[in-house]
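Trainee: Have a look at this one before I ask anything.
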Amino acid sequence: FLERLAKRRGGPALVLITHHSEEITPSFTHVLLLKNGSVLASGRKAEILNSALLSEAFGAALTVRRDHGRYRLTVRPSRQVVL
(Lines give C-alpha, C1' and ligand atoms only; values in the text may rest on other atoms or scores of the structure.)
Protein backbone atom coordinates (compact mmCIF):
# COMPACT_ATOMS: atom_id res chain seq x y z
CA PHE A 1 0.00 0.00 0.00
CA LEU A 2 2.75 2.48 0.92
CA GLU A 3 4.59 1.85 -2.35
CA ARG A 4 1.45 2.44 -4.39
CA LEU A 5 0.66 5.59 -2.41
CA ALA A 6 4.21 6.94 -2.81
CA LYS A 7 4.17 6.36 -6.58
CA ARG A 8 0.82 8.06 -7.06
CA ARG A 9 1.10 11.32 -8.99
CA GLY A 10 0.45 14.15 -6.55
CA GLY A 11 0.50 11.68 -3.66
CA PRO A 12 1.23 12.84 -0.11
CA ALA A 13 4.64 13.08 1.51
CA LEU A 14 5.15 9.99 3.67
CA VAL A 15 6.91 9.67 7.02
CA LEU A 16 7.53 6.23 8.49
CA ILE A 17 8.60 5.73 12.09
CA THR A 18 9.93 2.26 12.80
CA HIS A 19 12.46 0.16 14.70
CA HIS A 20 12.38 -2.45 11.94
CA SER A 21 14.53 -1.86 8.87
CA GLU A 22 12.50 -4.48 6.98
CA GLU A 23 9.54 -2.09 6.97
CA ILE A 24 11.41 0.60 5.02
CA THR A 25 10.16 0.28 1.46
CA PRO A 26 12.10 1.40 -1.63
CA SER A 27 9.98 4.56 -1.99
CA PHE A 28 11.55 6.12 1.11
CA THR A 29 14.66 8.08 0.11
CA HIS A 30 15.95 9.56 3.37
CA VAL A 31 16.51 8.39 6.93
CA LEU A 32 16.76 10.12 10.30
CA LEU A 33 18.54 7.79 12.71
CA LEU A 34 18.09 8.47 16.41
CA LYS A 35 19.98 7.24 19.45
CA ASN A 36 18.75 8.05 22.96
CA GLY A 37 16.46 10.76 21.58
CA SER A 38 19.21 12.59 19.67
CA VAL A 39 20.06 12.60 15.98
CA LEU A 40 22.86 10.13 15.26
CA ALA A 41 22.76 10.53 11.48
CA SER A 42 20.52 11.77 8.70
CA GLY A 43 20.65 11.71 4.94
CA ARG A 44 20.08 9.49 1.95
CA LYS A 45 18.89 6.02 2.89
CA ALA A 46 21.75 4.23 1.11
CA GLU A 47 24.31 6.24 3.10
CA ILE A 48 22.70 5.93 6.54
CA LEU A 49 21.44 2.34 6.61
CA ASN A 50 24.80 0.65 7.07
CA SER A 51 26.21 -1.83 9.57
CA ALA A 52 28.36 0.68 11.46
CA LEU A 53 25.67 3.31 12.08
CA LEU A 54 22.91 0.86 12.91
CA SER A 55 25.22 -1.07 15.25
CA GLU A 56 25.91 2.18 17.07
CA ALA A 57 22.22 3.13 17.20
CA PHE A 58 21.06 -0.22 18.57
CA GLY A 59 24.12 -0.91 20.74
CA ALA A 60 24.73 -4.32 19.18
CA ALA A 61 26.95 -5.79 16.46
CA LEU A 62 24.67 -5.80 13.41
CA THR A 63 25.09 -6.63 9.76
CA VAL A 64 22.90 -4.82 7.23
CA ARG A 65 21.96 -6.53 3.99
CA ARG A 66 20.11 -4.93 1.10
CA ASP A 67 17.99 -7.04 -1.22
CA HIS A 68 15.75 -5.61 -3.95
CA GLY A 69 15.60 -2.22 -2.26
CA ARG A 70 14.71 -3.65 1.16
CA TYR A 71 17.00 -3.78 4.20
CA ARG A 72 17.48 -6.60 6.68
CA LEU A 73 19.45 -6.63 9.92
CA THR A 74 21.09 -9.64 11.48
CA VAL A 75 22.86 -9.74 14.82
CA ARG A 76 26.46 -10.86 14.59
CA PRO A 77 27.37 -13.49 17.16
CA SER A 78 29.47 -12.19 20.01
CA ARG A 79 32.80 -13.78 20.66
CA GLN A 80 32.89 -15.49 24.00
CA VAL A 81 36.03 -16.73 25.66
CA VAL A 82 35.65 -20.28 26.93
CA LEU A 83 37.94 -21.30 29.77
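Trainee: For an R0 of 25 angstrom, estimate the FRET efficiency from the Cβ-Cβ distance between Ala61 and Arg4 and round to the nearest 0.05.
Mentor: According to the calculation, E is roughly 0.10.
Trainee: Right, another one. I'd like to compare 60-71, 10-21, 32-43: which one has the highest average count of other Cβ atoms within 10 Å, and what's the full order after that?
Mentor: Per-residue mean Cβ counts within 10 Å order the peptides as 60-71, 32-43, 10-21.
Trainee: Now for a different question. Quick one: accessible area per residue over the chain, 1.4 Å probe, rounded to a whole number of Å²?
Mentor: In whole numbers, the chain has 79 Å² accessible per residue.
Trainee: Carbon and sulfur atoms: what percent of the 1.4 Å accessible area of the chain do they account for?
Mentor: Carbon and sulfur: 54 percent of the exposed surface of the chain.
The values are calculated or read from the model by the stated rules, or taken from the named source; none is laboratory data. A quick note: this is a predicted structure, and the numbers were derived from the prediction, not measured. Because the Cβ atoms are built from the backbone with ideal geometry, glycine has one as well, and the counts that use them run over all protein chains shown. To get the accessible areas, we keep the full protein, side chains included, count just its heavy atoms, and leave off ligands, DNA and RNA. Shrake-Rupley method; radii C 1.70, N 1.55, O 1.52, S 1.80 Å.
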